[in-house]
Amino acid sequence: MLHLSAAEWTAIFLTLRIAVVATLCALPFGVFTAFVLARWEFPGKMLFNGIIHLPLVLPPVVTGYLLLLSFGRRGMIGSFLYHYFGIVFAFRWTGAALACAVMGFPLMVRAMRLSFESIDQRLEHAAGTLGAGPFARFFLVSLPLALPGIIVGGILAFARSLGEFGATITFVSNIPGETQTISSAIYTLTQVPEGDAAALRLTAVSIAIALAALLVSELVQRGAEKRFARAK
Amino acid sequence: MIDVALSRRLGAFNLDVAFKNGEGITALFGRSGSGKSTTINLIAGLQRPDAGHIILDDCVLTDVARKRFVPVHRRRIGLVFQDSHLFPHLDVMQNLRFGRWFAPKQAGSIDFHAVVETLGIGHLLKRWPNRLSGGERQRVAIGRALLSSPQLLLFDEPFAALDVQRRLEILPLIETLRDEFKIPIIYVSHAIEEVARLAACVIVLENGRVKASGPPEFVLSETASVSDDPRFGRSSLLTARVGTVDAAFGLTELLHPAGHIWLAGRAGAQGSTARIIIKATDVTLSKARPSQMSVQGTLAGTVEAIAADGPFALVGIALEGEGRLYAMATRRAVVDLGLQRGESIFALIKTVALDERMVAQPAAPKPSWLEEPAVADKCQPDGSRAP
């Protein structure tokens, strides 16, 4: 039976905390970016879109290394944040969350952008003729109509965060109790001869969490479909 | 009063229109692709013109030369689209109230209950848009636009997606809006019946230009076909007085100096004025006054013009008194009858071909044979052919 050690529980809770924080923090940026990509036309849009999608195609280790270079204690952004706000990302769980957010961002934006693009733009026009300005149009029409896609995007990013390994281990290393997630814990356990049983236990937990996330996503989507079928 | 002069280039299509309108309903009329919807979108502020201006009641909404462009949400122009575009995530009540949140407080002169009652949508308030029929959806959309307290209402072919029965239900509502809420309306349509019935002033668009403008009596009968098949598109518009009602047979008599026509159903109070649309394909010609025929509407006139078109011929008839009637016949029939210009002729009109939709009670103006000549001064054609 599953009998998890304290260290294993720590890794599990840390993983969940990192994934939740990463998803929630990325959410507003994701929604805004998706809306901009879906609705605005501006020079350099293709380049912008490419940069957003970069983490999807770059080797995760490269992304992690770039994060280390920029957000590390001596990196440009990292030193600025530390100097003025006392915020440290390198080798902390917050850094793991940042890595997860960056890695999950393209997936999140993709789902949300599709959702925004599928909204009949004439509904936004109708709202305009009724006196709603750009902000009111966004919050009263676009956002509610894109909500199912936004939720799906969030769950995708969350699931991606649970499995993030390459960028995290490069950026914040593999420190038990601080940055050691389930994935990096399993990796560590496979490197030692007597680690098999513990690795298997964590694997089982991983499967359980993944299944639960899938189930929740399915339920949310079904609920949204129901609501939408009613509203369409 | 709205003063519009706009031009916009869209690929190979050039829109270049100018008109002014006054109270009541102004109809933008023309076949699809003539620039009606583009004009509406430009007035609403959903698109920008390349040049020109839009002035509504002394308020400059668009002036390209002076670089002025009031954004769509500050214009207070209500727009009813071809499909209702109700918000699917809001119920009917929330849809109706949407525009109210943004209307200036002092503009809350339009009463919610009055609108709901006029449009007959009180029983729908708790429903979701997807649970409404097409006609109900359009009525809610009209209510939503009205309740935003607009200074001008635009209707962009609001009933294109509805069947004839639904249109018959909604057309009187538009007349009520015109009379009750006193909001000027610009109405886009390619249905000649709707235009004749509703509009005080008609602006005919063709290939992005104003081809004619003026009161419907003058404009519509002069207008070339609007349907893509000219045989069915040609119609005449006559002004007649409502006569006696034959209750036993459910018919109403319409009196014209050239004769009388019978119409199925009712057409307003006796003695009132009615406009009636008669399609050229519904007119039969006879050289002698007919008797013992099932067709009972006969109008007398003189052949004014004959235009041959393939196997068909369009005969223009100057009616006794006033008005011009078009009849579509085969070219052979015209030759066999030996029709000549200047000859007197009788036009027979089948009662069953006329429906209520084709009869309207115009708000203004009355035809010259009923009163003193009164060409509407509300309708000022700008650089276009005057009626």
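Remarks
- In order through region A:77-88: 3J(HN,Hα) via Karplus (6.51 cos²θ - 1.76 cosθ + 1.60), integer Hz, x for Gly, Pro: 6, x, 5, 4, 5, 5, 5, 9, 10, x, 8, 10
- Around the Cα centre of region B:2-215, unit charges on the Cβ atoms of Lys, Arg, Asp and Glu (plus for the first two, minus for the last two) sum to a dipole of about 700 debye.
- Residues of region A:112-128 buried by at least 40 Å² of accessible area upon assembly of all protein chains, compared with the chain on its own (1.4 Å probe): A:ARG122, A:LEU123, A:HIS125, A:ALA126.
- Tensor-based shape of region B:232-360 (alpha-carbon gyration tensor, a/c under 1.5 rounded, otherwise prolate or oblate): prolate
- The accessible-area ordering, largest first, of the residues A:MET108, B:MET1, A:MET76 stands as A:MET76, B:MET1, A:MET108, per a 1.4 angstrom probe.
- Heavy-atom accessible surface of the protein assembly as shown: percent carbon and sulfur, 1.4 Å: 59
- Relative contact order (%) - region B:110-175, alpha-carbon pairs under 8 angstrom, separation at least six: 40
- By a 1.4 Å probe calculation restricted to protein chains, A:GLU194 has an accessible surface near 150 Å², given to the nearest 10.
- With all protein chains modelled, accessible area of A:HIS125 [1.4 Å, Å²]: 60
- Per-residue extension of 0.36 nm, minus the Cα-Cα distance of A:GLU41 and A:LEU214, leaves a gain of 58.8 nm for this segment.
- Table column - 3J(HN,Hα) (Hz), region A:171-179, Karplus curve with 6.51, -1.76, 1.60, x for Gly and Pro: 7, 10, 6, 9, 9, x, x, 10, 10
- Cα-based radius of gyration of the protein assembly as shown once divided by 2.2 N^0.38 Å, which approximates compact folds: 1.36
- Excluding ligands, DNA and RNA and using a 1.4 Å probe, chains B and A jointly bury around 2100 Å² of accessible surface, summed across both partners.
- For region A:192-209, 3J(HN,Hα) per residue [Karplus equation, 6.51 cos²θ - 1.76 cosθ + 1.60, θ = phi - 60°, Hz, x = Gly/Pro]: 10, x, 9, x, 4, 4, 5, 4, 5, 4, 5, 4, 4, 4, 4, 4, 4, 5
- Legend: calculated FRET efficiency, A:VAL88 to A:PHE32, from the Cβ-Cβ distance at R0 = 35 Å, rounded to 0.05, equals 0.85.
- Among A:THR10, B:GLN82, B:HIS123 - extreme Cα towards positive end, dipole of the protein assembly as shown, charges at beta-carbon: A:THR10
- Under the simplified labelling scheme, the A:HIS53-A:ARG73 pair shows an inter-label distance of 3.9 nm, with each label point 7 Å from Cα along Cα→Cβ.
- Residues of region A:1-31 with amide N under 17 Å of the 7 Å Cα→Cβ point at A:LEU200: A:1-5
- Rounded, prolate or oblate (a/c below 1.5 giving rounded, otherwise prolate when a/b exceeds b/c) for chain A by Cα gyration tensor: oblate
- Residues of region B:69-85 that lose at least 40 Å² of accessible area (1.4 Å probe, protein heavy atoms only) when the other protein chains are present, relative to their chain alone, are B:VAL72, B:HIS73, B:PHE81, B:HIS85.
- Ligands, DNA and RNA are left out, and with a 1.4 angstrom probe the accessible area of region A:89-200 is 39 Å² per residue.
- In region B:2-215, Cα pairs under 8 Å separated by at least six residues give a relative contact order of 32 percent.
- Normalised contact order of chain B, rounded percent, pairs of Cα under 8 Å and 6 or more residues apart: 17
- Amide H to amide H, with H built 1.01 Å from N, B:GLU304 comes under 5 Å of B:GLY316, B:ILE317, B:ALA318, B:GLY342, counting only residues 5 or more places away or on other chains.
- Contour excess over end-to-end distance, with Cα ends at B:LEU337 and B:ILE306 and 0.36 nm allotted per residue: 9.9 nm
- Cα gyration tensor, region B:2-215 - rounded (a/c under 1.5), prolate or oblate: prolate
- Where Cα atoms sit under 26 Å apart: lysine pairs in chain B separated by 8 or more or lying on different chains: 24
The values are calculated or read from the model by the stated rules, or taken from the named source; none is laboratory data. These numbers were taken from a predicted model, which means no experiment stands behind them. We place every Cβ from the backbone using ideal geometry, glycine too, and count neighbours over all the protein chains shown. Each accessible area value is taken on the protein alone, full model and side chains, heavy atoms only, with ligands, DNA and RNA left out. Shrake-Rupley method; radii C 1.70, N 1.55, O 1.52, S 1.80 Å.
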